[in-house]
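The structure appears right after this line, and notes come after that.
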Amino acid sequence: MLAITEFLSAYWPHLVATLSLFVGAFAAIHAAMNKSDVRAAIAWVGVILMSPLLGPFLYLVAGINRIRHDQLSTQRSRLIKDYVNHAREPVRDIHTLAGPQFSSLKVLCDRISRFPLHDGNHITLLDSGDEAYPAMLQAIDSASHCIALQSYIFDHDRIGLQFAQALRRAHERGVTIRVLIDAVGSKYSHPPIVHLLRRDGIRTELFMSHVLGLRMPYANLRSHRKVLFVDGHIGFVGGMNIREGFMQSLTGRHAARDTHFRVEGPVATQLFAVFANDWEFTTRERLLIEDWCQSSTSTPLPQVPARCVRSSPDRFIAATHNVLLGALAVAQHNVRIQSPYFLPDQTLMGALNTAARRGVHVDIVIPGRNNLRLVNYAMTSQLNQVIAAGCRVWRSRGTFDHSKLLTIDDGWSYVGSSNLDPRSLRLNFELDMEIYDQVLAQQIAGKIDATIADSEAVTLDSLKAIPFAKQLRNRLIWLASPYL
């Protein structure tokens, strides 16, 4: 023992250097061989080589995709096959419903989504928590068969407790319930509500438990999906987490804003298929579509064609990114975008700029007040690139708006959980919905236009007027935008 101690005392610098070299080389090779984005590969290799031991540790925590592609792909293929066999609905001519320019977009999304486009969906827009949460709670209280709930954040606050109590009542009625919360998102309130749900007998699991039990809001591979599926034919999807900060009736004039959607019809079954896949990946329990889903013979009118689009850091990586590129390519008249975190990569920014240069009116709405300060700095730094090409950028007044909305030519809409930033488009598990319908597109467009009417235009002059020190700060933060 004394000899070993003397050896370590004399040679520990050499041992640390050797360990650092070995671990760094292994991590750098892993990054170079497994990263599909050349910029990400270069960045990680640089961090690893320039920061001995610390760089490989950071790569281990935040850089490695731990999703097992082969297993996840098999599950998804089986669930999609089950879904297709379960629900078959003809699609009306989208030329009339949305516009002839969207025919090629449908073909693209057929190949990206793997879910078929189905008619027969009734979709209702819900404005912020004061409309969305009561509708969701009513659906839970009316449930007689099954409930599936998935959320990134499920806070232990006044609205979270209302959901927990409604789920407990449903459980006591004999309703089958599954709740899936992201492991990082579950830590946004203390104590986490998962303990209360489990104590009440509700089957609740955490998606992708995080390293060392730490709360890391920017950790990779998070489930950002928001799904509520009730009694086999009713669904809710969109951008809203479960937290009281989005209810004006609870928090007053400081309440944040968001947009959610209630759906009935085949697309609700697609929501369940996505949930069931995530649940099986997390728990190894398979939820059978035939046990959970039932066809509704009384879907309200009007009915529209719609489908779900999943994106995630596996075989569906960049799905939403590709949909957006295709949608911007077919735009002829107008593009309206509302996003809380607008950090498009150069490819997506090029598509926006090309659309604007073709004469398409491109309006981009971002929050005047952002809940993520660093993201706001990075967004501000690159706004000049889209404004110079002819896009119009607006900062909304009032409280923070978390809505993620896109309409094109008043005929096609894309809504859901995805933000327009690298993390959302490549690293998170997201769930969106494309809708081919002029009436609903115009309703969403009207909502965005109403926000624009109470917004401040961002111009090249206003960006130049920002003090140099702040411009430099914004630019430095922008350099880290792929990791925000």
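Pop a pseudo-label 7 angstrom from the Cα along the beta-carbon direction at both S103 and A453 and give the gap in nm to one decimal.
3.7
Which far-off residues, 5 or more places away or on another chain, put their amide H under 5 Å from the one on H361, with H placed in the peptide plane?
So H361 has HN proximity to N334, V335.
Can you run phi through the Karplus equation (6.51, -1.76, 1.60; θ = phi - 60°) for segment 383-395 and list ³J(HN,Hα) in whole Hz, with x for Gly and Pro?
Each residue of segment 383-395 in turn: 4, 4, 5, 7, 5, 4, 8, x, 6, 9, 10, 10, 9 Hz.
For the pair E290/H254, report the inter-label distance in nm, with labels modelled 7 Å from Cα in the Cβ direction.
Taking the two extended label points, one gets 5.4 nm.
Once phi is turned into θ = phi - 60°, what whole-Hz ³J(HN,Hα) does the Karplus curve with 6.51, -1.76 and 1.60 give for every residue of segment 171-182, x standing for Gly and Pro?
4, 5, 7, x, 6, 6, 10, 9, 10, 10, 10, 5
Between D110 and Q332, what is the FRET efficiency for a Förster distance of 30 Å, r being their Cβ-Cβ separation, to the nearest 0.05? Don't skip to the answer; put the middle values down first.
Values: r = 21 Å, r/R0 = 0.70.
Approximately 0.90, to the nearest 0.05.
What does the extension gain come out to for H361 and T283, with contour length at 0.36 nm per residue minus their alpha carbon separation?
Values: separation 78, 0.36 × 78 = 28.08 nm, distance 4.66 nm.
In short, 23.4 nm is gained.
Segment 319-483: percent of C-alpha pairs farther apart than 27 Å?
Values: 2357 of 13530 pairs.
Of all Cα-Cα pairs in segment 319-483, 17 percent lie more than 27 Å apart.
Name the long-range amide H neighbours of F429: under 5 Å, sequence gap of 5 or more, or other chain; modelled H, no Pro or chain starts.
HN-HN under 5 Å from F429: R222, S223, H224.
Quick one: what are the phi-derived ³J(HN,Hα) couplings along segment 348-361, Karplus 6.51/-1.76/1.60 with θ = phi - 60°, whole Hz, x for glycine and proline?
Karplus-based 3J(HN,Hα) across segment 348-361 equals 5, 5, x, 5, 4, 5, 5, 4, 4, 5, 7, x, 6, 7 Hz.
Between T124 and L21, what's the calculated FRET efficiency when r is the beta-carbon distance and R0 is 41 Å? Round to 0.05. List each step's numbers first, then the result.
On the way: r = 60 Å, r/R0 = 1.46.
For R0 = 41 Å, the calculated efficiency reads 0.10.
Starting from the 7 Å offset along Cα-to-Cβ, what nm value, one decimal, do you get for the label separation of R473 and Q385?
Label-label distance for R473 and Q385, simple model: 2.2 nm.
From largest to smallest, what semi-axes in whole angstrom does segment 262-338 give when each is the square root of 5 times an eigenvalue of its alpha carbon gyration tensor? Don't skip to the end; give the middle numbers.
Values: eigenvalues 155, 93, 12 Å².
Equivalent ellipsoid of segment 262-338: 28, 22, 8 Å, largest first.
All of the numbers you see were taken from the coordinates with simple rules; none came from a lab. Since the structure is predicted, the reported quantities are computational estimates derived from the model, not experimental observations. Backbone-built Cβ (ideal geometry, glycine too); neighbour counts: all protein chains shown.
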